[in-house]
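What follows is a set of notes on a single structure, which appears directly below.
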Amino acid sequence: MSLHKMFSVLCLASVIGSGCGVEPEDTSRDAVQQAIRGDGWSSTNYNQLFSATLEGQTVTGLYFSGGAWFVSTGSSLTYAQVTSIAYNGQAIAPQSLTTAQGSFLVIGADAEDASVELVLTVAAPLAGTLRITAASTATDGSFSRYTTQWVSAHADDATTSVGLCPREVLVTKTTTQTVYETMIPIGGVRWNLSGSKVSDANAITLGCSQDAIGGCVEWGYGPWGTRPDEVTGKPVSMASVHQACTRMKRDDVCGSGSPLTTGYDAAQGVTTIHVKDRVGIHADTNQTLATMEAFWNENGASCFNESEYRSTNTTLLQRLAIIKTQCPSRFVACTSSHSGVLLSARPCTLTSAAGECVAN
């Protein structure tokens, strides 16, 4: 009987040095995750839609075409063919690889396997080997995180590897270090560079825990199932909520793919926002219609309080003025008549005697 084996086995410490690439940051100690699990604050919010990279190319996912898998990039769905796939040391047919929610599945795998590893051999123009190893599973079991190890065919040393999801972090006031975050697969959907989403049964998007797609999953907005709207009581598609989150995270007001969140820069890429939603994940706070930044839906912002824009970055303020001319109808003060499944705001700096935010 064919079984579906979920990659949920933890990567052992002894394997990290040889099979998992550079050890990712422990999410239990990660400031972003600590904040978002608390009261919805994110202090390192970047504007990348995709942060996965291989050989200098932005990797968007995997794509099945003509009986084979391909690594997709920002320029092509079939950029580089996957010539072979090994699961736990055994070759598998391309059609055996699939996903369910946010985890890789292999049809016909032994459910009793004690170790799990997926190895993709990738042809030119990338040319190398991508090793994917299960790292952890979300507490509710809704998705899995994977460490990755890319060994380039062009490397002088065959043991030299990098991860798929690089992130620069400050180690001192003047120096940075590259760490590799975990990867989260999302099957049956792909994103264009404009930020628009396309349902596609042949696609597996490879999100990273720090970019908009994977980051919104980490924030609790996995695009699977439904949750009740706290205002109407009606079920809300979490795929819609996740897409709204990708717009909110990047501050893509017009929904055109032009972000207004600070760029991905270790030294200055810090755009603190407060996150609230209507689906019971991050609760209400003392922010008011006057102090919040915007309501968000799949298409961007439904209203936007320009005076409460999340950044004081001079370049971004100039971009804000340009973006405003592209969708002026979005730049209206938020009132109770506006709607959206998500809310963003700057941190509150002053509260009234009644506990309401009066300045941020």
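The values are calculated or read from the model by the stated rules, or taken from the named source; none is laboratory data. Note that the structure is a prediction, hence the values are computed from the model and not measured. All Cβ positions, even for glycine, are placed from backbone atoms using ideal geometry, and neighbour counts span all protein chains on display.
Quick check on my filter: what residues within the range 334-349 are out of contact with any Cys (no Cβ under 6 Å at 6 or more places or on another chain) and either of a type in the set (Asp, Glu) or surrounded by fewer than 18 Cβ atoms within 10 Å (Cβ to Cβ) (or both)?
Answer for the range 334-349, where residues must be out of contact with any Cys (no Cβ under 6 Å at 6 or more places or on another chain) and either of a type in the set (Asp, Glu) or surrounded by fewer than 18 Cβ atoms within 10 Å (Cβ to Cβ) (or both): 335, 336, 337, 339, 347, 349.
Across the range 187-201, what is the number of residues that are among the hydrophobic types (A, V, I, L, M, F, W, C) and in contact with a helix residue (DSSP H, G or I) (Cβ under 7 Å, 6 or more places away or on another chain)?
Let us first name the residues in the range 187-201 that are among the hydrophobic types (A, V, I, L, M, F, W, C), namely 189, 191, 193, 198, 201.
Remaining after also requiring in contact with a helix residue (DSSP H, G or I) (Cβ under 7 Å, 6 or more places away or on another chain): 191.
So the count comes out to 1.
Of all residues in the range 181-195, count the ones that are over 13 Å from residue 50 (Cβ atoms) and over 14 Å from the mean Cα position of the chain (by Cα).
Summing the residues that are over 13 Å from residue 50 (Cβ atoms) and over 14 Å from the mean Cα position of the chain (by Cα) in the range 181-195 gives 1.
Taking the range 215-233 only, how many residues are of a type in the set (Gly, Ala, Ser) and surrounded by 17 or more Cβ atoms within 10 Å (Cβ to Cβ)?
Looking only at that region, the number is 3.
Residue check: is residue 151 free of Cβ contacts under 8 Å to residues at least 12 places away in the same chain, under 24 Å from residue 64 (Cα atoms) and out of contact with any helix residue (DSSP H, G or I) (no Cβ under 7 Å at 6 or more places or on another chain)?
Details: free of Cβ contacts under 8 Å to residues at least 12 places away in the same chain: no; under 24 Å from residue 64 (Cα atoms): yes; out of contact with any helix residue (DSSP H, G or I) (no Cβ under 7 Å at 6 or more places or on another chain): yes.
Taking the combined requirement at face value, the residue does not satisfy it.
Is it the case, given these coordinates, that residue 275 is among the β-branched types (Val, Ile, Thr), buried (at least 19 other Cβ atoms within 10 Å of the Cβ), touching a residue at least 60 places away in the same chain (Cβ under 8 Å) and assigned to a strand (DSSP E or B)?
So residue 275 fits the description; yes.
Suppose we keep only residues that are in a loop (DSSP other than H, G, I, E, B) and small (Gly, Ala, Ser) within the range 282-322. Which one would you say is surrounded by the most Cβ atoms within 10 Å (Cβ to Cβ)?
Result: 311.
May I ask you to list the residues in the range 170-217 that are aromatic (Phe, Trp, Tyr) and closer than 22 Å to residue 300 by Cα?
Hit for the range 170-217 is 191, nothing else.
Taking the options 65, 103, 96, name whichever one is surrounded by fewer than 18 Cβ atoms within 10 Å (Cβ to Cβ) and touching a Phe, Trp or Tyr at 6+ places or on another chain (Cβ under 9 Å). Break it down into steps so the answer makes sense when it comes.
On the way: 65 fails: touching a Phe, Trp or Tyr at 6+ places or on another chain (Cβ under 9 Å); 103 fails: surrounded by fewer than 18 Cβ atoms within 10 Å (Cβ to Cβ).
Checking each option against the conditions leaves just 96.
Please verify whether residue 167 is buried (at least 18 other Cβ atoms within 10 Å of the Cβ), under 21 Å from the mean Cα position of the chain (by Cα), modelled with pLDDT under 95 and among the basic types (Lys, Arg), treating the condition exactly as stated.
yes
Which of the residues spanning the range 124-140 are surrounded by fewer than 17 Cβ atoms within 10 Å (Cβ to Cβ) and in contact with a strand residue (DSSP E or B) (Cβ under 9 Å, 6 or more places away or on another chain)?
Those that are surrounded by fewer than 17 Cβ atoms within 10 Å (Cβ to Cβ) and in contact with a strand residue (DSSP E or B) (Cβ under 9 Å, 6 or more places away or on another chain): 124, 125, 127.
Looking only at the range 66-84, filter to residues that are over 14 Å from residue 205 (Cβ atoms) and within 25 Å of the chain's Cα centre (by Cα); which one of those is modelled with the lowest pLDDT?
Of all residues in the range 66-84, those over 14 Å from residue 205 (Cβ atoms) come to 66-68, 75-76, 78-84.
Still in the running and within 25 Å of the chain's Cα centre (by Cα): 75-76, 78-82.
Numbers: 75: 92, 76: 97, 78: 98, 79: 98, 80: 98, 81: 98, 82: 98.
Across the range 66-84, the extreme among qualifying residues is 75.
Among the candidates 98, 148, single out the residue that is part of a strand (DSSP E or B), farther than 20 Å from residue 50 by Cβ and modelled with pLDDT of 90 or more. Full working, then the answer.
Numbers: 148 fails: farther than 20 Å from residue 50 by Cβ.
98 is the lone residue from the list that is part of a strand (DSSP E or B), farther than 20 Å from residue 50 by Cβ and modelled with pLDDT of 90 or more.
Determine which member of the set 253, 270, 231, 275 is modelled with pLDDT under 95, more than 26 Å from residue 200 (Cβ to Cβ) and in contact with a Gly (Cβ under 7 Å, 6 or more places away or on another chain). Give the steps one after another, and end with the answer.
Values: 253 fails: modelled with pLDDT under 95; 270 fails: in contact with a Gly (Cβ under 7 Å, 6 or more places away or on another chain); 231 fails: in contact with a Gly (Cβ under 7 Å, 6 or more places away or on another chain).
The unique qualifying residue is 275.
Quick one: would you say residue 331 is of a type in the set (A, V, I, L, M, F, W, C), surrounded by 14 or more Cβ atoms within 10 Å (Cβ to Cβ), more than 30 Å from residue 233 (Cβ to Cβ) and in contact (Cβ under 8 Å) with a residue 12 or more places away in the chain?
yes
Give me a count of the residues in the range 342-358 that are closer than 23 Å to residue 271 by Cα, polar (S, T, N, Q) and without any contact (Cβ under 8 Å) to a residue 60 or more places away in the chain.
Total meeting the criteria: 1.
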